[in-house]
1. Considering the options VAL69, LEU17, ILE48, tell which one lies farthest towards the positive end of the dipole of the stretch 1-73, charges being +1 on Lys and Arg and -1 on Asp and Glu at the Cβ, about the Cα centre.
2. Take ASN68 and THR152, extend 7 Å from each Cα along the Cα→Cβ direction, and tell me the distance between the two endpoints in nm.
3. Full-extension gain between GLN159 and LEU17, please, as 0.36 nm times their residue separation minus the C-alpha to C-alpha distance.
4. Of the candidates LEU56, LEU117, LEU80, which one comes out as most mobile in a Gaussian network treatment of the chain with C-alpha springs shorter than 10 Å?
5. I'd like to know how the stretch 3-157 sits against the 2.2 N^0.38 Å rule of thumb: what's its Cα Rg over that expected value?
6. Order these by the 10 Å Cβ neighbour count, fewest first: SER35, SER8, SER107, SER26.
Amino acid sequence: MAHTIFLSMGSNLGDRLTNLQDAIRSLPPNIQLLSQSQIYETEPWGYIEQPAFLNLVIKANTELPPKNVLTFIKDIEVALGRKATFRFGPRLIDLDILLYDDLVLNSPGLTIPHPRLTERGFVLIPLAELAPDLIHPVTRKTIQQLLSTLDTTGVKVFQSQQS
C-alpha cells in the first residue's frame, strides 16, 4: 500500500541547488515524487555562523515503512557526501521526514511528525505551498494555521542565477 509522505530537504555547502537536485534524483524507485515546492533561501537556524540554506519540501508516495524511509534518506545523505558535523551545523544535504500519512510515532531515533516542524518557517512555508489544508496529526491545526503563527522573516523564494 502506498503511503503519502512529506520530506524536507536542505543544503548550505557546495553547490546547494545541485545537492537538492541530486537528492531528488536519488529517491526513485523507493520514493516516488508527486510534487515539489519552490526552493527557498533561508538564514541559518540554531547555529548562525554559516552560509544560508536552500530548502524545499516534497510530497511523495512510498511503500516503505517509516524506519526504512529514514534509513533510505540517511543513506542518500551519505552517498551525496554528507559528513557528520554538530547539531544545526552546516551540511551538504539534509533530508528529514516531516509527515508520514497521519502517523504519530515517537520511537528512539525517529519521531513523526517531525518534532520541530511547527517551529520552522523554512519547513512550513514550502509545506503550506503543497498542502495548506493538511491537518497536523498532533496539533490538529492545518499547516496554514501553524504557519500563520510564525515569524517567517529570513525565508525568501530562491532566485536561481541559471534562470
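1. Farthest towards the positive pole: VAL69.
2. Distance between label points: 3.5 nm.
3. Values: separation 142, 0.36 × 142 = 51.12 nm, distance 1.07 nm.
Stretched out fully, the GLN159 to LEU17 stretch lengthens by 50.0 nm.
4. Most flexible of the set in this elastic network: LEU80.
5. On the way: Rg = 14.4 Å, N = 155, 2.2 N^0.38 = 15.0 Å.
Relative to the 2.2 N^0.38 Å estimate, the stretch 3-157 comes out at 0.96.
6. Details: SER35 12, SER8 23, SER107 9, SER26 18.
Ordered from fewest to most neighbouring Cβ atoms within 10 Å, SER35, SER8, SER107, SER26 come out as SER107, SER35, SER26, SER8.
Throughout, read-outs are computed from the coordinates displayed, never taken from laboratory work. Note that the structure is a prediction, hence the values are computed from the model and not measured. Positions of Cβ are generated from backbone atoms using ideal geometry, with glycine treated the same way; all protein chains shown enter the neighbour counts.
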